[in-house]
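*Asks:* Attaching a single structure in structure tokens format; questions to follow.
The values are calculated or read from the model by the stated rules, or taken from the named source; none is laboratory data. Note that the coordinates shown come from a computational prediction; the quantities given were computed from them, not determined experimentally. For neighbour counting, all protein chains shown are included, and Cβ atoms are generated from backbone atoms with ideal geometry for every residue, glycine included. For the accessible areas, the whole protein counts, side chains as well, though only heavy atoms, and no ligand, DNA or RNA atoms are used. Shrake-Rupley method; radii C 1.70, N 1.55, O 1.52, S 1.80 Å.
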Amino acid sequence: MSQQRQTPFAATCTACGVDRETASANEIVAFYRRHHRHTGHDVEVTRADVDGDVPDTDDLEMVVAELEAEYEEGVPIGVVAAAMARRGRSVGETLEEIHEVRMTGALYEPRHDHLAAF
């Protein structure tokens, strides 16, 4: 009997029970954006197979800076959302914080939906 391998990333909307599984961390972010646009609901990351060690801090800038070593051309925003989910933050809350921190100039986007720290 063969075992099915789980997709590395999953998210759910606790308000309406819609789930999404994907092989891409950033697809979780895309799922959130589509779902939020249509329903106004936030989503929670329920599974994340993230490369490398996830820093043990609530500081978003530090999380991005420490994860950068694992990724070329920036850390996928979905990976950042997964790391922050371990601290109790939803995808929407994480995206809002990313926006706030980017406005301070501490983070930048070297390519679409990827972050790096200055």
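*Asks:* Hey, can you tell me all the residues within region 62-95 that are farther than 18 Å from residue 31 by Cβ, in a helix (DSSP H, G or I) and either among the aliphatic types (A, V, I, L, M) or open to solvent by 60 Å² or more (accessible area, probe 1.4 Å) (or both)?
*Replies:* Result: 62, 63, 64, 65, 66, 67, 69, 70.
*Asks:* I've got another one for you. Restricting attention to region 51-61, which residues are open to solvent by 20 Å² or more (accessible area, probe 1.4 Å) and of a type outside the set (D, E, K, R)?
*Replies:* 52, 54, 57
*Asks:* Would you mind finding the one in 41, 36 that is modelled with pLDDT of 95 or more, assigned to a loop (DSSP other than H, G, I, E, B), surrounded by fewer than 17 Cβ atoms within 10 Å (Cβ to Cβ) and touching a helix residue (DSSP H, G or I) at 6+ places or on another chain (Cβ under 7 Å)?
*Replies:* Residue meeting the stated conditions: 41.
*Asks:* Limited to region 96-112, what total is found for residues that are open to solvent by less than 20 Å² (accessible area, probe 1.4 Å) and either assigned to a helix (DSSP H, G or I) or within 25 Å of residue 13 (Cβ to Cβ) (or both)?
*Replies:* So the answer is 1.
*Asks:* Do we find a residue being in contact with a strand residue (DSSP E or B) (Cβ under 9 Å, 6 or more places away or on another chain) and within 13 Å of residue 26 (Cα to Cα) anywhere in region 96-108?
*Replies:* So far as region 96-108 goes, no, none of its residues is in contact with a strand residue (DSSP E or B) (Cβ under 9 Å, 6 or more places away or on another chain) and within 13 Å of residue 26 (Cα to Cα).
*Asks:* How many residues does region 44-61 hold that are free of Cβ contacts under 8 Å to residues at least 40 places away in the same chain and either in a strand (DSSP E or B) or of a type outside the set (Val, Ile, Thr) (or both)?
*Replies:* Counting residues in region 44-61 that are free of Cβ contacts under 8 Å to residues at least 40 places away in the same chain and either in a strand (DSSP E or B) or of a type outside the set (Val, Ile, Thr) (or both) gives 8.
*Asks:* Can you say whether residue 15 is out of contact with any strand residue (DSSP E or B) (no Cβ under 9 Å at 6 or more places or on another chain) and among the small types (Gly, Ala, Ser), as far as the supplied structure shows?
*Replies:* Here the answer is yes, as residue 15 does meet what is asked.
*Asks:* Taking only region 12-30 into account, find how many residues are more than 15 Å from residue 113 (Cβ to Cβ), surrounded by 16 or more Cβ atoms within 10 Å (Cβ to Cβ) and of a type outside the set (D, E, K, R).
*Replies:* 2
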